[in-house]
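The values are calculated or read from the model by the stated rules, or taken from the named source; none is laboratory data. Predicted, not measured: the structure shown is a model, and the values here were computed from it. Please note: Cβ atoms are built from the backbone with ideal geometry, for glycine as well, and neighbour counts cover all protein chains shown. Side chains included, ligands, DNA and RNA excluded: accessible areas come from the protein's heavy atoms. Shrake-Rupley method; radii C 1.70, N 1.55, O 1.52, S 1.80 Å.
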Amino acid sequence: MPTTKKFLLVQLIIILMFSSASLRSQTARPDGEKKLAHDIYKEFVEIQSGFTTGATTPVAEAAASRLRAAGFPDSDIFVGGANPKKANLVVRYHGTGTLKPLLLLAHIDVVEAKREDWSMDPFQLIERDGFFYGRGTGDDKAQAAIWIANLIQYKKEGFKPDRDIIVALTADEEGGGPFNGVAWLLKNHRDLIDAEFALNEGGWGEESKGKKISNDLQVSEKYVANFRLEVRNKGGHSSMPVPDNAIYRLAAALQRLSNFGFPLKTNEVTAAYFQQMAKIETGPMKEDLAKASNGSQEAMQRLAAATPAWNATLRTTCVATLLEGGHAMNALPQLAAATVNCRVLPEDSVDYVHSTLQKVVADDQVNVKILGEPAPGPASALRPDVVQAVGRATEALWPGVPVVPIMVMGATDGKALRIAGIPTYGVQGIFFDRDDIRFHGRDERLRVQSFYEGQAFLYEAVKTLSKSAAVAKVDVH
Ligand SMILES: [Zn+2]
């Protein structure tokens, strides 16, 4: 990362911290707006939209009828998708057109949930002990409901944004595949969702032991590349072994891989992440976090050794995950093969990882082959207007809680948008206990208060981002 850019980033974070300190705003919207968000949320959660057994079309239609009832014209509402059960909803709220549109994305399919696996019906929104329970309460129907409720509120207020605000509720994020709504919209109706940038799931607030730690802003994702290491040999009878053995060759190659680590480095996002973590951390790692953000190799080595998560943040990783070989107990192996799963930093290319693996294996009898077609996803630049709007809304609701830019190891629909040239930021302002994340699991839940705080947070952040004044205040180029 160029020093000037890093300097600007530091400057930006400092500006952020001071410019917003005096702002305070309500931590929840007025009762009428809360009720609307709640009712939409309940309706969405109670429609079964499981990836394999359910349908997103009724969710899209429920949203469409709410919007029509609120006065959105049919010409601004689109319902359609790759399959009659897998519809998406896209709605446009018109601004003055001074700026390019802002896209607000949420997926409306959910991971399957079986009644017998849960303590309650997963497709009923149940409020108990301060939590909303139900499949999709966290992933991702809260954000979907909030986008719709807030859009209806903007219209009610007569809010005039400087850019169109587009909300897209999409199908099949969880399983990907042929009916993925974002991929389908990009391919068939790019005009409907084309935007200067997008907000999506993927970054939430982290809470630990009841204390808010950070409001995460997801800016990039690692991508997956799988390789097959394969050794072929003419084989023979096992009673007369020869030194040239496919299993031994593969084993030696894997041994070399296990001793290898890709270079440790930071990028714009992870440097900012470590810098913010240095402020939060109180333990012995505090100093190393700060040093790592400034490029210290020694500090990065200590962090990588400290936790697998930091190791994975600081480098591309490749690890053997599957093994096969031999065909009979009494025959020399004719084939030995391993699958190596790589999680690649956005700035590392597939070719680079491929050629590095070949060098590490260092044996031309071991064929290193790419499986499938890995699709690298670029990082979204840390746009000053996004960082500032998120920072201001965060400081106003939860004074002192830092915004932490993150790169995640998993994948969301944000990747497809980034590849298509729409920078995408995962941000929700919905806080979860980081020691009790239940997405995809049993008894998924979200704190009632966090839902309403998320509504208020996104209401403010989106308003700020759809006004041109948001850009002017920060002196970063
Ligand atoms: Zn999700």
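Below, the figures for the structure above:
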quantity: Residue within the range 154-163 that is over 28 Å from Ala396 (Cα atoms), without any contact (Cβ under 8 Å) to a residue 24 or more places away in the chain and either surrounded by fewer than 17 Cβ atoms within 10 Å (Cβ to Cβ) or within 16 Å of the ligand (Cβ to nearest atom) (or both) present; calculated: no
quantity: Filtered residues of the range 399-428 (kept if of a type in the set (Gly, Ala, Ser) and within 16 Å of the ligand (Cβ to nearest atom)); calculated: Gly410, Ala411, Gly414, Ala416, Gly426
quantity: So Ala87, is it modelled with pLDDT of 95 or more and open to solvent by less than 10 Å² (accessible area, probe 1.4 Å); calculated: yes
quantity: Matching entry among Tyr425, Tyr459 (being under 24 Å from Pro376 (Cβ atoms), of a type in the set (Ser, Thr, Tyr) and modelled with pLDDT of 95 or more); calculated: Tyr425
quantity: Spans of helices (runs of 4 or more DSSP H) in the range 212-307 with at least 2 residues more than 28 Å from the chain's Cα centre (by Cα); calculated: 246-258
quantity: Hits in the range 184-205 (condition: among the hydrophobic types (A, V, I, L, M, F, W, C), at pLDDT 95 or above and not in a strand (DSSP E or B)); calculated: Trp184, Leu185, Leu186, Leu192, Ile193, Ala195
quantity: Residue list for the range 186-215, restricted to those being more than 16 Å from the ligand (Cβ to nearest atom), closer than 21 Å to Ala389 by Cβ and of a type in the set (A, V, I, L, M); calculated: Ile193, Ala195, Ile213
quantity: Selection within the range 128-150 - open to solvent by 10 Å² or more (accessible area, probe 1.4 Å) and in contact with a Phe, Trp or Tyr (Cβ under 8 Å, 6 or more places away or on another chain); calculated: Asp139
quantity: Unique match (being of a type in the set (Asp, Glu), more than 29 Å from Ala292 (Cα to Cα) and open to solvent by 30 Å² or more (accessible area, probe 1.4 Å)) among Asp172, Asp244; calculated: Asp244
quantity: Selection from the range 363-382 of residues that are assigned to a loop (DSSP other than H, G, I, E, B) and farther than 16 Å from Gln218 by Cα; calculated: Asp363, Asp364, Gln365, Gly372, Glu373, Pro374, Ala375, Pro376
quantity: Condition met for Ala183 (open to solvent by 20 Å² or more (accessible area, probe 1.4 Å), within 16 Å of the ligand (Cβ to nearest atom) and in contact (Cβ under 8 Å) with a residue 24 or more places away in the chain); calculated: yes
quantity: Test: Ala113 is within 16 Å of the ligand (Cβ to nearest atom) and over 25 Å from Ala461 (Cβ atoms); calculated: yes
quantity: Contacts under 6 angstrom Cβ, first residue in the range 398-410 being in a strand (DSSP E or B), partner acidic (Asp, Glu), 6 or more apart; calculated: Val404/Asp216; Ile406/Asp216; Val408/Glu221
quantity: Check on Ala168, under 23 Å from the mean Cα position of the chain (by Cα) and either more than 16 Å from the ligand (Cβ to nearest atom) or farther than 12 Å from Tyr41 by Cα (or both); calculated: yes
quantity: Ala195 being within 20 Å of Pro84 (Cα to Cα) and of a type in the set (Gly, Ala, Ser); calculated: no
quantity: All positions within the range 429-448 that are charged (D, E, K, R) and more than 14 Å from the ligand (Cβ to nearest atom); calculated: Asp433, Arg434, Asp435, Asp436, Arg442, Asp443, Arg445, Arg447
quantity: Residue, farthest from the chain's Cα centre (by Cα), within the range 308-325, restricted to residues that are within 16 Å of Gly261 (Cα to Cα) and not in a helix (DSSP H, G or I); calculated: Ala320
quantity: Only one of Ala337, Ala362, Ala389, Ala328 that is open to solvent by less than 10 Å² (accessible area, probe 1.4 Å) and either more than 25 Å from the chain's Cα centre (by Cα) or free of Cβ contacts under 8 Å to residues at least 60 places away in the same chain (or both); calculated: Ala337
quantity: Leading residue by the ranking (nearest to the chain's Cα centre (by Cα)) among those in the range 430-470 that are among the β-branched types (Val, Ile, Thr) and open to solvent by 10 Å² or more (accessible area, probe 1.4 Å); calculated: Ile437
